[in-house]
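Working notes for the structure below.
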Amino acid sequence: MGVGVGEGEGDGTLRRPVPRPPGPHALTLPDGARLAAPFLAPGPFGRPTPGVWVEVPPGALLRAPAFASVLSAGPLPHRGLALVLELSPGRLLVLTDLDALHAQAGETLRPGDPMAHVGVRAPTRPEFTVEPEASEGAGSPPTFYMEARQGDSAQDPDRWFAGLKEASAP
């Protein structure tokens, strides 16, 4: 995995680096992540869902899985906060149902950079840190939605992430 340097325009300027696509199974899940619903599982209206639902421990910090450009970061109606990452030209990773964002649209992330928190109470003021949600009894673990796309087609994230299917084991 690395970053290729874009060609200059002949005037001595350099374009933004072009990320090389990560190889198969090159990306990793957050610590403690488990697959909650697999690729193409029936959604609420019975249609296949073009992504996966991933359970994480409360307060989980999601980190950039590879070099990526943040195409979009912010609220998505009925889906909480969302991030759209471009891992390489035409190769997107969409994350929704996030609770706090640490990346902004237009930013370039390096592998391991903090991107978002899941299962936290959103801070009321920016100077306060995020806190894990208080658990009231045995509730469901926090989940987020992840969709891998190549061009206009949804891809099984198992092809991109190491251990995704194994994460579903109890």
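Filter the strands (runs of 3 or more DSSP E) completely within segment 60-121 down to those with at least 3 residues that are out of contact with any helix residue (DSSP H, G or I) (no Cβ under 6 Å at 6 or more places or on another chain) and open to solvent by 40 Å² or more (accessible area, probe 1.4 Å). Explain how you work it out, then say what you get.
Values: elements: 60-63, 68-75, 81-88, 91-98, 114-118.
Here the list reads 68-75.
What are the residues in segment 50-84 that are among the hydrophobic types (A, V, I, L, M, F, W, C), modelled with pLDDT of 90 or more and more than 20 Å from V120 (Cβ to Cβ), if any?
Taking segment 50-84 first, the residues among the hydrophobic types (A, V, I, L, M, F, W, C) are 52-54, 56, 60-62, 64, 66-68, 70-71, 73, 76, 81-84.
Now restrict to residues that are modelled with pLDDT of 90 or more: 52-54, 56, 60-62, 64, 67-68, 70-71, 73, 76, 81-84.
V52, F67, A68, L71, V84, listed by residue number.
Are any of the residues in segment 125-134 closer than 13 Å to A64 by Cα and either modelled with pLDDT under 90 or surrounded by 15 or more Cβ atoms within 10 Å (Cβ to Cβ) (or both)? If you could, list the steps in order and put the result at the bottom.
In the first step, residues of segment 125-134 are kept if they are closer than 13 Å to A64 by Cα; the result is none.
Checked against the condition, which is being closer than 13 Å to A64 by Cα and either modelled with pLDDT under 90 or surrounded by 15 or more Cβ atoms within 10 Å (Cβ to Cβ) (or both), segment 125-134 yields no hits at all.
Quick check on my filter: what residues within segment 142-169 are at pLDDT below 90 and open to solvent by 50 Å² or more (accessible area, probe 1.4 Å)?
The answer is R159, K165, E166, S168, A169.
Has segment 24-38 got any residue that is open to solvent by 30 Å² or more (accessible area, probe 1.4 Å), charged (D, E, K, R) and at pLDDT below 90?
yes
The values are calculated or read from the model by the stated rules, or taken from the named source; none is laboratory data. As the structure is a prediction and not an experimental result, all values here were calculated from the model. Neighbour counts are summed over all protein chains in view; Cβ atoms, including those assigned to glycine, are modelled from backbone coordinates with ideal geometry. Ligands, DNA and RNA are stripped out before the accessible areas are found, and what is left, the full protein with its side chains, is counted by its heavy atoms. Shrake-Rupley method; radii C 1.70, N 1.55, O 1.52, S 1.80 Å.
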